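Undergrad: Can you keep this structure in mind? I'll have questions shortly.
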Amino acid sequence: CSETHFQCSSGACIPFEKLCNGISDCRDSSDEHGCHLHDCRWATCPDEFKCHHSYCIPIHRVCDGIYDCPMKDDEKGCAALSCVGLFKCKNGACLQSKFLCNGKVECPLNSDD
């Protein structure tokens, strides 16, 4: 999909204007999933990553190879990402210390445990 479109779970692309509009524009209704977060465009995100004009995601979901933000900005600029004060996974994702050695795999290749 282009920068101005949302990719449905089925692979189809729809314009971002149709995201969370109360109408299922994707065959699988993935454009309406998580829409309770849609009105968060002006929220601040202490200790989290702020998706462009949208919701917050945990910092360890940035640069993890999975698009979590509607405009895919959580996977942009990853080569230059620095993890100041955070643990940097081998794949480049950043983790807060509370996610280290917690018995859960947060980094690929188990580099956090």
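FYI, it's all coordinate maths here, none of it is from the lab. Not measured: the values here are computed from a predicted model. Virtual Cβ from ideal backbone geometry, glycine too; neighbours counted across all protein chains shown.
Undergrad: Looking only at the stretch 62-110, count how many residues are of a type in the set (A, V, I, L, M), within 28 Å of residue 9 (Cβ to Cβ) and surrounded by fewer than 16 Cβ atoms within 10 Å (Cβ to Cβ).
TA: Total satisfying the criteria: 5.
Undergrad: Of all residues in the stretch 45-96, count the ones that are touching a Gly at 6+ places or on another chain (Cβ under 8 Å) and more than 24 Å from residue 3 (Cβ to Cβ).
TA: Residues in the stretch 45-96 being touching a Gly at 6+ places or on another chain (Cβ under 8 Å) and more than 24 Å from residue 3 (Cβ to Cβ): 0 in total.
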